[in-house]
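What follows is a short report on a single structure.
What follows draws every value from the coordinates through simple rules; no lab data is involved. On a predicted model such as this, the values are computed, not experimentally measured, just so you know. Neighbour counts run over all protein chains shown; Cβ positions are idealised from the backbone, glycine included.
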Amino acid sequence: MDHILMEDLIRYQKCEIKVVRGYYYDGKRDTRIRDVIGGLFELRLRYKKEGNPIQEIIKLLLNSVYGKTILKAIDTANKFVKKDELDDYVHRNYNMIKEAETLNGSNVTRVVKIKPINRHYTFVTLGVNILSMSKRIMNEVMCTAEDIGVDIMYQDTDSTHLFSDQLSVLSDEFRVRYGRELIGSRMGQFHSDFGLIHGRGSMPMAMKSVFVMKKGYVDRLESEEGVAYHCRMKGVPNDVVVMTANERHPECVRCVVGEGGLVYPVCDGVGSIEKLYEDLYYRVDIEFDLARSSRPSFDMRNDFSVETRRKFVRRIRC
């Protein structure tokens, strides 16, 4: 528990905190990372407005900052040593070698060497703060909604699903409580995550949603441009979801993956992907072969050989 989480437990959960044991730091905090993140965020906004695809790279950079800071300590390192140099390497590093293995069909040995603790280079103190602040951002919205009777049907790391006619009520109360605008495109604000249908027109609305599990749901979107589906299934690419749906439900309207990551039915009617999520909702086991995706999938073996997967089945049941 860090100081941000402690403050939120007191504020939102009415907890009483007694510190039995912990670390107290009264030195200066290095906040330069805020300027770096702020600069990248503004740069992405600019490129996104221009339609420049480099904004996706900046998005990956922003997302990877948290993951990189919260890594577990990497306490070993692989060294690849030629056969004629192995004896000399062992003599010089014997007290730091954990294991060694000669790779099949080669004159190279993989040596697993212990890394000193002062070379782990982790930054978990920052990662913990990032995680706690992300929870605070969601706590502010969810607790405000709960207090005023606004229903939230589904919530993820940084998003919610709620009725459109309750959005202004929640936004007004949020402004009163925190003195900030809830809706917008700035850092810490919320906006619709749905893409434009066929890349044009007004922002669509979800007329039907099926929530089946954490990070697994589908929204049927409608606007003056037509109908599309916004779907998520953690661990399964959208093209595999669509292929599986079309095969399982040939009686429904066939779907295709289109621009902006949206899924489109080829004609009017109930799309096969909608029916697939309903199957999952009613606890039907469904197998997805991830090797059928347009993305490559590789099997990384212990001997460091790499092979393309021909079949990679993931079974999902809610």
Using alpha carbon centroids, what distance separates the stretch 1-58 and the stretch 249-264, in Å? 38 Å
Highest-MSF residue in the chain out of Arg92, Arg175, Arg292 [GNM, Cα springs under 10 Å]: Arg92
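Give the relative contact order (percent, whole number) for the chain; include only Cα pairs under 8 Å separated by 6+ residues.
Values: 415 pairs, mean separation 28.8, N = 318.
Here the relative contact order equals 9 percent.
Compute the Kirkwood hydrodynamic radius of the stretch 237-318, taking the inverse of the mean of 1/r over all pairs of distinct Cα atoms, and give it in Å to one decimal. Show your work: numbers first, answer last.
Values: mean 1/r = 0.0715 Å⁻¹.
Answer for the stretch 237-318: a Kirkwood hydrodynamic radius of 14.0 Å.
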Put in order of increasing Cβ neighbours within 10 Å, starting from the fewest, Leu60, Leu43, Leu221 give Leu60, Leu43, Leu221
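For Cys318, Cys267, Cys255, what's the fewest-to-most ordering of other Cβ within 10 Å of each Cβ? Mind dumping the intermediate values first?
Working: Cys318 16, Cys267 9, Cys255 26.
By the 10 Å Cβ count, ascending, the order reads Cys267, Cys318, Cys255.
Residues with beta-carbon under 14 Å from that of Tyr121, excluding Tyr121: net charge, scoring Lys, Arg +1 and Asp, Glu -1?
Numbers: positive: Lys68, Lys72, Lys115, Arg119; negative: Asp75.
Computed value for this residue: +3.
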Aspartates and glutamates near Lys113 by alpha-carbon distance under 19 Å, same-chain residues fewer than 8 away left out - which ones? Asp75, Asp84, Glu85, Asp87, Asp88, Glu99, Glu101, Asp303
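Over the stretch 1-130, what is the mean sequence separation of C-alpha contacts under 8 Å (at least six apart), divided by residue count, expressed as relative contact order in percent? Provide the component values of the computation, followed by the final result.
Details: 109 pairs, mean separation 30.7, N = 130.
Here the relative contact order equals 24 percent.
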Taking the alpha-carbon centroid of each part, what is the distance from the stretch 90-138 to the stretch 188-229 in angstrom? 42 Å
Which of Leu182, Leu61, Leu196 moves most in a GNM of the chain, Cα contacts under 10 Å? Leu61
Low-density loop cleavage sites - GluC sites (Glu not before Pro) in the stretch 197-245, where at most 10 other Cβ are within 10 Å (DSSP): Glu224
Taking the Cα centre of the chain as origin, work out the dipole magnitude from +1 charges on Lys and Arg Cβ and -1 charges on Asp and Glu Cβ, in debye rounded to 20. 1240 debye
